[in-house]
Amino acid sequence: MKNTALTHIHEALGAKMLPFAGYNMPITYEGVNAEHETVRNAVGVFDVSHMGEFILSGSNALALIQKVTSNDAATLTDGRVQYSCLPNNEGGIVDDLLVYKIKDEEYLLVVNASNIEKDWNWISDQNNLGVEMKNLSDDYSLLAIQGPKAVEALQSLTSVDLAAIKYYHFQIGDFAGFNDVIISATGYTGAGGFEIYCKNDQAEAIWNKVFAAGAPFGIQPIGLAARDTLRLEMGFCLYGNDINDTTSPIEAGLGWITKFNKEFTNSANLKAQKENGVSRKLIGFEMQERAIPRHDYEIVDANGNNIGIVTSGTMAPSLNKGIGMGYVTIENAAIDSEIFIRIRKKDVAAKVVKMPFYKN
C-alpha cells in the first residue's frame, strides 16, 4: 500500500482511510454530505496525489499523442488542457486522461491512479517515434482545491491572477512560497477551483499554507467519497465504473472528444460506430421515488426485461434524490424514457434525464 506525502496529515485529522488504487487514501472526514456541501458552497481540499503524471517531450511528442488519444491535441496552445481518452484496439477505452500543453514539444499527461502502469505500458508500446517519456507519478503531489470561494481563498498565496485562469487552462507560477507550481482550472466537481501540482517535498507546506489562507472562507479537507458524489451530480464519467476496456467512447457519450480529422488507435471502427449508430448508450437517470441506485444494479423495462446496467449511483446530496448513470439499449435511451432499477428484487421507477443532474 502506497502513501501520499500527506497521508500522515489525513490520519492526524481523523480521516477514515481505505485502500484506493493501491494507495492509502482519505475517504471521509466529517461525513460525505457535509463535505459535499462544503465544496458546493465554500471551498474544500482533496488530496489526489495518487493520480499519474507523464511528461512527453521531443519533436514527435504531439505526433505520439495524436496517435494514442481520441481528441485533437493539435488544437492545444500553451497553457491549455484537453480532456481525452486512450482507445484500445477492441473498441473500448484504456483510460481517460488530461493532456496539458506546457510548450511546443512538451506535454503533461495526467492519468487515473489505477491505470498508471497500464497507461505507461500502452503508450510506451506505441512510441516508435523517439519521444522522450518520463513517469513522474511518484515524484509529484496533487491538491484539488474546489468550490466557489477557491479564488478568494487562494489569491493571497500567488502573484498569478487566479480569476483570469479560464476553465481548462493552467499557469505555471509561484504558489505558497514555491516556484514552478502548476495551477490548473480543471476540476472534477463542477464547483470551480484549481488543481495544484507540486513536488512531494513541497506538499505539506503547501497544504498548511492553503488551510491558513482559506480559514476565513471555511476551507475543509474533503475525502474521495464526496469527490464521487460531486462528479456524479455533474455526470462526469469515472473510469472503472462508467467507462472501461469494453465501453466505446461513442457509447459513453464521449463523441465530443473523439475527432476523426486524424487517425488514431481504432479510429476507423469508432468512426463507423458514430456514423451507423450504437446498440447501447450511457444515460443519466433520476429515481421517481426514494431509492438509491448502485453500481451493477440491473435496469429493466416495464415488463421486467433486462435493458441495461447501472454503472454509478448515489443519493445526490445537492438534489436529495437518487441519481445514476448506466448503459441501456438505444431504444430506451431517449430523454424522459421510463426505466426501472431492480433494487433487492423490486423494480423501482426511474426517468432518463439530461445531464448534468446538478445545475448551478
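Given the condition among the hydroxyl-bearing types (Ser, Thr, Tyr), part of a strand (DSSP E or B) and crowded, with 18+ Cβ neighbours inside 10 Å, answer yes or no: does some residue in segment 152-170 qualify? Checking segment 152-170: not a single residue is among the hydroxyl-bearing types (Ser, Thr, Tyr), part of a strand (DSSP E or B) and crowded, with 18+ Cβ neighbours inside 10 Å. Residues in segment 293-310: is at least one within 24 Å of residue 94 (Cβ to Cβ), at pLDDT 95 or above and buried (at least 19 other Cβ atoms within 10 Å of the Cβ)? The answer is yes; a qualifying residue exists. With respect to the conditions (1) closer than 16 Å to residue 288 by Cβ; (2) of a type in the set (A, V, I, L, M, F, W, C); (3) in contact with a Lys or Arg (Cβ under 8 Å, 6 or more places away or on another chain), residue 341 falls short on a single one, namely (3). All of (1) in contact (Cβ under 8 Å) with a residue 60 or more places away in the chain; (2) surrounded by 15 or more Cβ atoms within 10 Å (Cβ to Cβ) hold for residue 319 with one exception: (2).
Restricting attention to segment 292-310, does a residue exist that is under 30 Å from residue 33 (Cβ atoms) and polar (S, T, N, Q)? Looking through segment 292-310, none of the residues is under 30 Å from residue 33 (Cβ atoms) and polar (S, T, N, Q).
If you scan segment 171-196, which residues turn out to be charged (D, E, K, R) and crowded, with 18+ Cβ neighbours inside 10 Å?
The answer is 195, and nothing else.
Total residues in segment 107-135 satisfying the condition of being of a type in the set (A, V, I, L, M, F, W, C) and not in a strand (DSSP E or B): the figure is 7.
Of all the residues in segment 191-225, those that are more than 15 Å from residue 47 (Cβ to Cβ) and in contact with an Asp or Glu (Cβ under 7 Å, 6 or more places away or on another chain) number 1. Taking segment 136-151 as the range and being among the small types (Gly, Ala, Ser), on the phi < 0 side of the Ramachandran plot and part of a loop (DSSP other than H, G, I, E, B) as the test, only 137 passes. For segment 134-147, the criterion of being of a type in the set (Val, Ile, Thr), over 20 Å from the mean Cα position of the chain (by Cα) and not assigned by TED's automatic domain parsing to the domain that holds residue 62 is met by no residue. Residue check: residue 116 meets all listed conditions (1) assigned by TED's automatic domain parsing to the domain that holds residue 65; (2) out of contact with any Ser or Thr (no Cβ under 7 Å at 6 or more places or on another chain) but one, namely (2). Taking strands (runs of 3 or more DSSP E) as the structural unit, those lying wholly within segment 241-360 and holding at least 3 residues that are in contact with a His (Cβ under 7 Å, 6 or more places away or on another chain) correspond to 306-316. Regarding residue 226, is this residue in contact with a Phe, Trp or Tyr (Cβ under 9 Å, 6 or more places away or on another chain) and either within 22 Å of residue 16 (Cα to Cα) or modelled with pLDDT under 95 (or both)? For residue 226, the condition - in contact with a Phe, Trp or Tyr (Cβ under 9 Å, 6 or more places away or on another chain) and either within 22 Å of residue 16 (Cα to Cα) or modelled with pLDDT under 95 (or both) - is met. Taking residues in segment 252-281 that are within 24 Å of residue 311 (Cβ to Cβ), and partners anywhere that are aromatic (Phe, Trp, Tyr) and not in a loop (DSSP other than H, G, I, E, B), the pairs with Cβ atoms closer than 7 Å and at least 6 places apart or on different chains are 257/83; 280/327; 281/327. Can you work out which of the residues in segment 173-187 that are in a strand (DSSP E or B) and within 21 Å of the chain's Cα centre (by Cα) is nearest to residue 97 (Cα to Cα)? Top of the filtered list is 184.
Of the residues in segment 166-184, at least one is under 16 Å from residue 52 (Cα atoms) and either of a type in the set (A, V, I, L, M, F, W, C) or at pLDDT 95 or above (or both). Evaluating residue 318 against the criteria (1) small (Gly, Ala, Ser); (2) out of contact with any Phe, Trp or Tyr (no Cβ under 7 Å at 6 or more places or on another chain); (3) more than 26 Å from residue 255 (Cβ to Cβ) leaves one unmet condition, (2). Any residue at all in segment 79-98 that's charged (D, E, K, R), buried (at least 18 other Cβ atoms within 10 Å of the Cβ) and at pLDDT 95 or above? Yes, segment 79-98 contains at least one residue that is charged (D, E, K, R), buried (at least 18 other Cβ atoms within 10 Å of the Cβ) and at pLDDT 95 or above.
The values are calculated or read from the model by the stated rules, or taken from the named source; none is laboratory data. Owing to the predicted nature of the structure, the values given are computational and were not obtained by experimental measurement. Because the Cβ atoms are built from the backbone with ideal geometry, glycine has one as well, and the counts that use them run over all protein chains shown.
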